[in-house]
Structure formats: C-alpha cells, structure tokens
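Working notes, structure below.
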Amino acid sequence: MHEIIHLSLSAQANHLTTHFYNAQDSYFVYDDRTVSHVDPTVLFRAGLGSDMRTSTFTPRALIWDMRGGYGSMKKANALYSDGFDDNTDASDARNNALVWDQGNKPLKVIQEDQVAANEYQKALDTGKDVIEKAAALTPETTRYWSDYNNIYYNPKSFHQLNNWEYDPVRFPKGKPRGEEPDGGRQFVDYETGVAEFTEMNVSSEDAYLEHVFRPALEECDSLSGITISTEADSAWGGFTAKVLEELREEYIPKTPVFTWAVYDGKVGAKIDHTTSYKNIKQSRQQVLSRIKTTTALARDSTLFIPISKPQASILKNYDGESNWHSTALLSLPFETISLLSSLRSEKRVSMQTVAEYLQCGSTRNIVSSTEAAIVGPMPSSLADLHKRKKLVFDYSGSVFHDANAPAPHYFSKLGTIRPPSTTASPQPNSLSLDPAGDHHMIWEELFKASQLQGDGTAAANLAEVNCPQPFSLQKSFPAGALDLESSDSVYASLGVTTAPRRQLREMNTFVSKFVKTADEGRDELKEETSEMAEQYEWGWEESEESDDE
C-alpha cells in the first residue's frame, strides 16, 4: 500500500478536510455496476470497532481544533463506543470545570454548553430524510465542520487545544479558556501557536507527537506522504510549523509533505510611511507572524502551497463568509490534486512524482500559482460556443500576490482535468466533438501551454496528468452555491513561478526595518528570506528590485 496521512489544523482547515473526506467516502465501490478509480486503502485505515468484531474503515487523519470546535460531534458512534457515553463529545471532556487561583481556591465555574446537532446530522443518525435535510443545509446550519460531516472517525483522530475555546459566532479567532472573549488575547500570531505546542510537549511524558502521530505511522505498511491543511495568518501557523519541524526531526525526514496553508487576503504585506502610528504595532505583529509562518512551513515542506479564497463574484449564491461555502470552493484544487496520489495503481501519480514534476531538479518548493475552473458541457451549436460555461478561479496565496507586479515567469506547471460524472444528453445538431477533442480544447484554453512556452518555460516542465475520477457532488456539498453540476468538468493546476522572489525580498526589507532584536529571530529571518528569494530568480532582474531598494 501507499498510505497517506492527513493532518488538519484549525476550524477552517477542518471544514476543508470534511469536504475532502466526504468526497473520498463517496468513491467507495459497493457493487459491480459502479466504477471507482480510487484506492480507499491509501487514505482510510482498516480496523475493528469497539466490539472487536465489526470491521471499520476510517480516515487516516489527525484533526486538531480548540475546545468547542467539534460542535455536536460525539466520541461515541456506531463503530466506537467503549469508554464513552452518548453525551461525551469529541472535545475529550466538555464538562463544566473550575478555574483555580494560585492559592488553590476556586474562582469560578467555566460553563460549557452542549452544541445541538442540526437536522442533517439527526437525519444521518436515523437514516431517514437524509436527501431532504441535505437540500436544506444553509450557511447558518453549517457553522461547525461537524454539521455536514458524513463519515465516522476513529476517536483517536481527534486532538484539541485545551487552553483555547472556539465559537464560530462569538469568538471565531479563539479565546483563552476561562477568560472573557473581549479580554484582548486571541489565537492570532505565530509565537502564540509555538507557545501552545511547547506547553503541550512539556505536559506529555514523552514528546507530544509520540502519542499522537506515531500510532498512525505504525499502522502504515509503506507511508508515501503527508498532506497538511492549516491556516497561515493565525497562531495555527506557528503550531503547525512546530508540528512539522518535529515530524521532520523525529519521524519522517525524507517523506514527501505537501502543506496547504490558507492565507487571509486582508492581511497586509508591508508597513510603510502611509501606515498610521496606532496601527503599526498590530500591523507589525501580523506581518512578522506571516513571515515567520511562511519561512518555517516552506523550510520543512516538500511542496508548500499557499492559497487564499478566490474572487467569486461570478457566483450568485456564494457566501464568502461561510466556511462551508468558501472551503467547498477551496476543495476544487485541493481535492483534485490530492486525489492523484490515491488513484489505483495503474493511474496513480505519487506525491513524490508530483513534487518532481514541479521542482524539476531544483530546490524550489513554493507553489505560488494555484488555479481551478468549472467547465460546462459543449453547447448544442457552434453559434453558442462562446456561451459555454467557464468559471475560472485563482487561489494563489495572497502572501505572494502583487497586483502591481509584472506577470511572473513560470518555471513549471502541473495540471489535470476531471471528466463530468454524467454526460449531458446530446442535443439536435450538437457539435460533433469527441471527448478527447473537448479535453484538448479545455486544456489549451486553461493550461496555456503554448503561451507559457512562448514566454520561456521549457516544454519538459509542463505536465498534464490524468485524473479519470469525476469530482464528487455528495449530498453535503454546496454545489448550487458554486454553480457546479454533474455534467461539468473540473480543471486544477499548480505552478512554480518567480512571484515569491519579489515578496521574499520585501519580507527581508521588512525584517531589516522593523525587527530590532535577535530574540525575534532577526538574523535568521534575514538570511532565510534572502536565500529563498535567490531560488526564484530568472533572467535579467529589473534595477528597481536591487538590494538598494
């Protein structure tokens, strides 16, 4: 087997993971009439339930969230019930607790209310009216990722930050447990995440990941990779960086690791003379946190894939503030690219191969271009060809996006097209274009191989890989919000470009100007951003980007 373990850290990442594993579950083959191109043993682990008789198949996933982040999910389920009753939720023990002062006197009781299951989860439990309740899912009823989770997890998959609490409405950025939400502290910067991981390590008898990661690793016969989804512009970035650092040092020094980090498009990239004095401290903290997270995750990842929510004004029913909607849109490239490494043997493209396609023998590992598109079926006549639906989305992480910079050069690019799950019925006088010809038309228009070669990208660095598995439109997926139908094809691509050079140099300048002490990692950050920037140089560089600037 070629197992892949998925690590998901933060509420937003867990929404993305829920869409991902709901889709993987839909690829299981239950009868001889259905064809699935996906090997379920890669992303799922076989085991026995609590009764030691029931065969189970649960995700090879490790999920982190704050207290309260698991919503209504219970530790007890139809597969695993020993040691838990029906009221024990996935947050280990969401019981009321006392807060003690240093004199060991109780100060107050922390009240932790149980989150009620929504109607969709109740329907899944009873097996009745599931389709009807799924159709009624809304952004208001899917604030927790567990609200639309379709599958059972092994309780060992769930891990939490005991010192922090999450509520999608009252404190979406988290608050320290036992403190008022307006107390000032939030789970937002790199150093807070590092401190949280350090405390969890200290409180463990052995290294924290010895209890968390090693059991999952030992279940694998031949681990082929690790996929990580996380947030970059919050303390989860620092927490993830420490997790990844320890994985590299102690467990998987050479194993491919793809880190997908969601960046907040609202966080600025620099501070200059236009920044007001009162905002400098907060802005400085945000930008420095972003720099530390970016360099740390890029350092220890085989491929570092920064992504941001794309502009989606073309989608009429899309709610960008809903994690259910926004991570469904993010899942177009995330699930499509990740799926390549769990296809059945003759079609499988390993994570190592994907990395080789993009790195092309270099040490460049920052994927600064991520795109996806939804393409509708061919129209009924040539006159309507221009009306064919093509919804194109640019997910390229805001950390490396500069609207004022010239178009970047592509060192390499990898793309794939997934066929529709159903083929639209042929119309009278329909275009006589076979699937291969249609595929080529989509490919040329979206991947733009000819244009890239004209701009200097070597043909050998442009890879088209085949993904025969259609995108899954499972019942929990907000297909209507994305204007995605079963007759649509899905395209996705990753590219390594020169864009990181410019932004890494700006990070270097920021550190020189605004980081004054060695305690903040000034010298290390300057050296690292400078060395990384050099890897993305190509051709003659404009004088405006000289070191003097």
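Things worth noting here:
- Test: residue 205 is acidic (Asp, Glu) and modelled with pLDDT of 95 or more: no
- Residue check for residue 270: touching a helix residue (DSSP H, G or I) at 6+ places or on another chain (Cβ under 6 Å) and modelled with pLDDT under 95: yes
- Per the listing 314, 307, the residue uniquely part of a loop (DSSP other than H, G, I, E, B) and of a type in the set (A, V, I, L, M) is 314.
Here's the yes/no breakdown for (1) under 29 Å from residue 24 (Cβ atoms); (2) open to solvent by less than 40 Å² (accessible area, probe 1.4 Å):
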site	(1), (2)
158	yes, yes
165	no, yes
175	no, yes
180	no, no
184	no, no
190	no, yes
196	no, yes
200	yes, yes
203	no, no
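- For region 232-247, the set of residues classified as part of a helix (DSSP H, G or I), touching a Ser or Thr at 6+ places or on another chain (Cβ under 9 Å) and of a type in the set (D, E, K, R) consists of 242 only.
- Residue 254 within 22 Å of residue 298 (Cβ to Cβ), assigned to a loop (DSSP other than H, G, I, E, B) and charged (D, E, K, R): yes
- Any hit, region 522-538, residues being buried (at least 23 other Cβ atoms within 10 Å of the Cβ) and part of a loop (DSSP other than H, G, I, E, B): yes
- Within region 103-130, residues that are closer than 30 Å to residue 177 by Cα reach partners that are of a type in the set (Lys, Arg) and modelled with pLDDT of 85 or more with beta carbons closer than 7 Å, at six or more positions or on different chains, in the pairs 110/177; 119/133; 120/133.
- In region 339-349 there is at least one residue that is of a type in the set (Ser, Thr, Tyr), closer than 21 Å to residue 28 by Cβ and assigned to a loop (DSSP other than H, G, I, E, B).
- Contact annotation: residue pairs with Cβ atoms under 6 Å, 6 or more positions apart or on different chains, pairing a residue in region 391-410 that is farther than 21 Å from residue 291 by Cβ and part of a loop (DSSP other than H, G, I, E, B) with a partner that is open to solvent by 60 Å² or more (accessible area, probe 1.4 Å) and not charged (D, E, K, R), are 409/538.
- Total residues in region 121-151 satisfying the condition of being open to solvent by less than 30 Å² (accessible area, probe 1.4 Å), part of a helix (DSSP H, G or I) and more than 19 Å from residue 10 (Cβ to Cβ): the figure is 4.
- Within the set 370, 363, 353, the sole residue that is modelled with pLDDT of 90 or more, open to solvent by 10 Å² or more (accessible area, probe 1.4 Å) and not in a helix (DSSP H, G or I) turns out to be 363.
- Qualifying position, being at pLDDT below 95, on the phi < 0 side of the Ramachandran plot and crowded, with 19+ Cβ neighbours inside 10 Å, among 97, 90: 90
- Looking only at region 373-399, residues that are open to solvent by 10 Å² or more (accessible area, probe 1.4 Å) and either of a type in the set (A, V, I, L, M, F, W, C) or closer than 28 Å to residue 231 by Cα (or both) come to 9 in all.
- Filter result (surrounded by 20 or more Cβ atoms within 10 Å (Cβ to Cβ) and out of contact with any His (no Cβ under 9 Å at 6 or more places or on another chain)) within region 316-338: 325, 329, 332, 333, 336, 337
- The residues of region 485-521 that are more than 24 Å from the chain's Cα centre (by Cα), open to solvent by 10 Å² or more (accessible area, probe 1.4 Å) and of a type in the set (Val, Ile, Thr), listed by number, are 509, 517.
- Taking each residue of region 132-148 that is modelled with pLDDT under 95 and looking for partners that are open to solvent by 10 Å² or more (accessible area, probe 1.4 Å) and of a type outside the set (Phe, Trp, Tyr) with beta-carbon atoms closer than 7 Å, six or more apart or interchain, yields 133/119; 134/475; 136/119.
The values are calculated or read from the model by the stated rules, or taken from the named source; none is laboratory data. Keep in mind the model is a prediction, meaning the values are calculated, not measured. Cβ atoms come from the backbone with ideal geometry, glycine included; neighbour counts cover every protein chain shown. Surface accessibility is based on the protein's heavy atoms, side chains included, excluding ligands, DNA and RNA. Shrake-Rupley method; radii C 1.70, N 1.55, O 1.52, S 1.80 Å.
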